[in-house]
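The structure appears below as structure tokens.
A short reminder: the numbers here are calculations on the coordinates, not readings from a lab. Keep in mind that this is a model prediction, so the values were computed, not measured.
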Amino acid sequence: YQALPQKNPVGFKAGGQVLRGGSFGHGNNDLRSSHRISSNPVNFSVNVGFRCARSH
């Protein structure tokens, strides 16, 4: 990776948010944890949530 100056990116003007990763409802290319999609925070979807994890 090329070294770039650090900066705080500007968020959405309309108050949107970014969802990371995919779900079982997405296609194969969208299942990676690096997948990003914009979303309106007031929208509801059964495909959006979070996963709990624990390491030993």
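The table below gives the values:
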item	result
Label assignment, mean projected area of the Cα convex hull in nm² derived from the structure, set (i) 6.8; (ii) 5.2; (iii) 3.3	(i)
Gained length - Leu31 relative to Val48, 0.36 nm times residue gap less alpha-carbon distance	4.8 nm
